[in-house]
Amino acid sequence: MTGSDPRTASSAAPLTGPAAPCWVTLMTRHRETAERFYSQVLGWSFRPGRLGSDFSVAYRGQVPVAGLFAVSSSFQVAVAWTPYFSVEDANVAAARIRERSGTVAVGPLTLGKGRGVLASDRDGAAFGLWERTEPSTSPPAPADHAHAWLRLRTRNAFDAAIFYGEVLDWASGRPGGCDVAYEGEEVIVRCGGHPLARISSGAVESAADPLVRPHWQVQFPVADLAETVAAAERHGGTLVEDRTGFEGTEVTLRDPDGALFAVTDVRSPA
């Protein structure tokens with residue numbers, strides 16, 4: 001068994017805790033199968049969630065790092081990892097999505113201590129919104145650690161940055177808020193000064209390959225990339241893509257239920 005390594009993401013925005021800018025959730029068909037796979041590959045433990053028997057929360061130590069929801073069959077949603085962005089008002093943010101030609105598929109729905117929305121941007125990349133309505137009782141991640149970060153592969157990074165900026169209030173100038181910067185051919189999103197996500201151009205909406213279509217990719221930094229990939233393959237996962245660049249290596253994997261995710265030894269999403 002290997003494990004995710006928050007230390008390798010010391011400059012990235014934490015995705016856990018009540019003040020986090022984002023949360024990641026796996027929509028899957030079989031909760032117990034997914035729990036076994038990710039416990040062996042990323043070293044997570046799981047505890048029951050507050051949303052019923054189909055929901056559980058993944059922990060790294062005592063810190064919650066991700067949600068797992070076995071609802072893809074009953075709600076007919078894709079098996080996938082999905083980022084949920086924190087918003088002050090889910091109704092307002094959902095209206096902004098529709099006004100900008102995005103799609104709101106589900107919600108806003110009251111779920112546990114908040115209200116959730118499942119949506120897609122105008123290029124078809126799925127994402128969610130989360131409005132917290134009650135105080136969190138979970139300990140936050142250390143302020144300089146991240147257990148995951150994000151990458152949006154989209155048709156045009158500039159257009160996508162405008163869409164998400166207007167929906168999520170990025171670049172609003174609020175203290176601790178998220179800002180965008182155009183660096184090279186990518187857009188870097190930083191929250192509270194820490195990088196959260198990269199937005200890259202070049203995706204093709206009609207492509208048969210899901211890696212080429214617009215989508216949000218969830219990336220987990222790991223301590224031993226080779227062992228993580230080997231563990232995934234031993235437990236029913238599949239290696240899909242291996243991208244090595246100047247900063248490090250990103251490996252895209254498919255879990256036994258078909259969800260795509262990435263593991264990386266890259267030190268920062270920026």
(message) Which condition from (1) part of a loop (DSSP other than H, G, I, E, B); (2) in contact with a Gly (Cβ under 9 Å, 6 or more places away or on another chain); (3) farther than 14 Å from Trp149 by Cα is the one that Val229 breaks?
(response) (1)
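Report yes if Ser53 is touching an Asp or Glu at 6+ places or on another chain (Cβ under 6 Å), modelled with pLDDT under 80 and open to solvent by 60 Å² or more (accessible area, probe 1.4 Å), otherwise no.
Details: touching an Asp or Glu at 6+ places or on another chain (Cβ under 6 Å): no; modelled with pLDDT under 80: yes; open to solvent by 60 Å² or more (accessible area, probe 1.4 Å): yes.
When the stated conditions are applied, Ser53 does not pass them.
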(request) Starting from the stretch 89-106, take each residue that is assigned to a helix (DSSP H, G or I) and list its partners that are surrounded by fewer than 14 Cβ atoms within 10 Å (Cβ to Cβ), counting only C-beta distances under 9 angstrom and pairs at least six apart or across chains. (result) Ala90/Leu109; Ile97/Thr103
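Quick check on Ala181: is it hydrophobic (A, V, I, L, M, F, W, C), without any contact (Cβ under 8 Å) to a residue 12 or more places away in the chain, under 25 Å from Asp121 (Cβ atoms) and in contact with a strand residue (DSSP E or B) (Cβ under 7 Å, 6 or more places away or on another chain)? Let's see the steps before the verdict.
Details: hydrophobic (A, V, I, L, M, F, W, C): yes; without any contact (Cβ under 8 Å) to a residue 12 or more places away in the chain: yes; under 25 Å from Asp121 (Cβ atoms): yes; in contact with a strand residue (DSSP E or B) (Cβ under 7 Å, 6 or more places away or on another chain): yes.
Against the criterion (hydrophobic (A, V, I, L, M, F, W, C), without any contact (Cβ under 8 Å) to a residue 12 or more places away in the chain, under 25 Å from Asp121 (Cβ atoms) and in contact with a strand residue (DSSP E or B) (Cβ under 7 Å, 6 or more places away or on another chain)), Ala181 qualifies.
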(request) Being touching a Phe, Trp or Tyr at 6+ places or on another chain (Cβ under 9 Å) and assigned to a helix (DSSP H, G or I) narrows it down to one of Val180, Val167, so name that one. (result) Val167
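Return yes when Val218 is among the hydrophobic types (A, V, I, L, M, F, W, C) and either open to solvent by 60 Å² or more (accessible area, probe 1.4 Å) or within 21 Å of Leu129 (Cα to Cα) (or both) and no when it is not. Don't jump to the end; show me each part of the working.
Values: among the hydrophobic types (A, V, I, L, M, F, W, C): yes; either open to solvent by 60 Å² or more (accessible area, probe 1.4 Å) or within 21 Å of Leu129 (Cα to Cα) (or both): yes.
Yes; evaluated as a whole, the condition is true for this residue.
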(request) Looking only at the stretch 148-163, count how many residues are open to solvent by less than 10 Å² (accessible area, probe 1.4 Å) and among the polar types (S, T, N, Q). (result) 1
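Can you tell me how many residues within the stretch 238-255 are open to solvent by 10 Å² or more (accessible area, probe 1.4 Å) and either within 20 Å of the chain's Cα centre (by Cα) or touching a residue at least 12 places away in the same chain (Cβ under 8 Å) (or both)? Give the derivation first.
Residues of the stretch 238-255 that are open to solvent by 10 Å² or more (accessible area, probe 1.4 Å), as a first pass: 238-250, 254.
Filter again for either within 20 Å of the chain's Cα centre (by Cα) or touching a residue at least 12 places away in the same chain (Cβ under 8 Å) (or both), leaving 238-243, 247-250, 254.
Qualifying residue count, the stretch 238-255: 11.
Assigned to a strand (DSSP E or B) and either modelled with pLDDT under 90 or buried (at least 22 other Cβ atoms within 10 Å of the Cβ) (or both), is that true of Val266? Even if it seems obvious, please write down each step before you answer.
Details: assigned to a strand (DSSP E or B): no; either modelled with pLDDT under 90 or buried (at least 22 other Cβ atoms within 10 Å of the Cβ) (or both): yes.
It is false that Val266 is assigned to a strand (DSSP E or B) and either modelled with pLDDT under 90 or buried (at least 22 other Cβ atoms within 10 Å of the Cβ) (or both).
The values are calculated or read from the model by the stated rules, or taken from the named source; none is laboratory data. Just so we're clear, the structure is a prediction, and the values are computed from it rather than from any experiment. Positions of Cβ are generated from backbone atoms using ideal geometry, with glycine treated the same way; all protein chains shown enter the neighbour counts. Accessible surface areas use protein heavy atoms only, side chains included; no ligands, DNA or RNA. Shrake-Rupley method; radii C 1.70, N 1.55, O 1.52, S 1.80 Å.
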